[in-house]
Amino acid sequence: MCETCGCAGTGPHHVHGDHAHSHSHGDGHTHDHAHDHGHGHSHDHDHDHGHGHSHSHDHDHGHSHSHGSASEGTRTVIVLEDLLAKNDHQAAHVRAHFDARGILAVNLMSSPGSGKTSLLEATIQALPAGVRVAVIEGDLETENDAERIRRHGVPAVQITTGTACHLDAHMIHDALHHLDLDGIDIVFIENVGNLVCPATFDIGQHRNVVLLSVTEGDDKPAKYPVIMRAADRVLITKADLLPHIEEFDVERARASIAGVAGPVPVCVVSSKRGPGMDDWIGWLMAEHAARKPAVA
């Protein structure tokens, strides 16, 4: 069970891609395989998410639980901390694959229906010619989003998590075996739609981008501050609907974001009509250029 939100996160996940690829692990071994990992999670932990700054997570649920014994509780904490440590180790391994090839890895997080896949489709079309991208999609079921991406001629791997409400580093590592990383400039990871758990897990990304759609309400950042604090950039999406939604005020949303996350950059975008896309694409290209020196 996921200790962050209570979801059954220990079940198997499945990775669906067009092809399997091998890659070197830097220890003289090159292999091509798939893994099936369970995962557990703990509370009250500080760790580096791999995108330039660390976050502290202290989850106080405001209620008590009865445990069988102190020693049982101690064993549980040790096991969960060990699983988190394994995830962080795997995330560093995933990031090393990206860094060795100068790839920018971007983790997209938001609630369901905020427009992540639509943003990716618009981004694919707006990126400069010659920029090669791949997408890793995370959903509980179906390959719907991956199929949408593939229709644009972009390689996409679908991870179906079953009941887990977020992606973890082991899942991303499995997905990499279905991508030819040597032909990629940017990897977009579309996390499972959720405003809680995805913010906590390092999956080997360089940057976290959080989407907030205008249909969700401008007070959403105040309600879900942890994910906003994990963001390197926030995109207010579906801006083309603003004339029809009087309840959403962009400046109130900006103030709400700043109130919980500080001076994180905020961009207002529409994947349908184009506002803000130039700023978004410019940021992506600058971030990708910053990864190039990592290539030996």
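Coordinate-derived values only; no laboratory data. Since this is a predicted model, take the numbers as computed values, not measurements. Heads up, the Cβs are rebuilt from the backbone with ideal geometry, glycines too, and the neighbour counts pull from every protein chain shown.
For the reader, a short list of remarks on this structure follows.
- One way to sum up the overall shape of segment 136-192 is the equivalent ellipsoid from its Cα gyration tensor, whose semi-axes run 18, 14, 8 Å, largest first.
- Take the Cβ atoms of VAL250 and VAL131, set R0 to 35 Å, and the FRET efficiency comes out at 0.75.
- Unsatisfied cross-links (Cα-Cα over 26 Å) in the set LYS116/LYS220; LYS86/LYS292; LYS116/LYS223: LYS86/LYS292
- Segments 164-177, 232-245 sorted - mean Cβ within 10 Å per residue, highest first: 164-177, 232-245
- Listed from fewest to most Cβ neighbours within 10 Å, the set PHE248, PHE201 follows the order PHE248, PHE201.
- Backbone HN-Hα couplings from phi across segment 268-275 [Karplus 6.51/-1.76/1.60, Hz, Gly and Pro as x]: 9, 10, 9, 6, 8, 10, x, x
- Ordered by the count of other Cβ atoms within 10 Å of each Cβ, fewest first, MET277, MET109, MET228 give MET277, MET228, MET109.
- Rg [Å, one decimal], Dmax [Å, integer] - segment 78-290, C-alpha atoms: 16.6, 52
- For segment 195-296: rounded, prolate or oblate by the Cα gyration tensor [a/c cutoff 1.5]: oblate
- Shape call, segment 82-189: gyration tensor on alpha carbons, a/c limit 1.5: oblate
- Remark on ILE236: its backbone amide H falls under 5 Å from those of LEU212, CYS267, VAL268, VAL269, a criterion applied only to residues 5 or more positions apart or on other chains, H modelled at 1.01 Å from N.
- Here the Karplus curve 6.51 cos²θ - 1.76 cosθ + 1.60, taken at θ = phi - 60°, turns the phi angles of segment 135-144 into couplings of 10, 10, 9, x, 8, 5, 8, 6, 10, 3 Hz, with x standing for Gly and Pro.
- Binning the alpha carbon pair distances of segment 96-142 at 5 angstrom intervals from zero yields the distribution 5, 14, 25, 24, 18, 11, 4, expressed in whole percent.
- Ordering ASP182, ASP202, ASP99 from the fewest to the most neighbouring beta carbons within 10 Å gives ASP182, ASP99, ASP202.
- Residues with amide H under 5 Å from that of ILE159, placed H, sequence gap 5 or more: HIS16, GLU137, GLY138, ASP139
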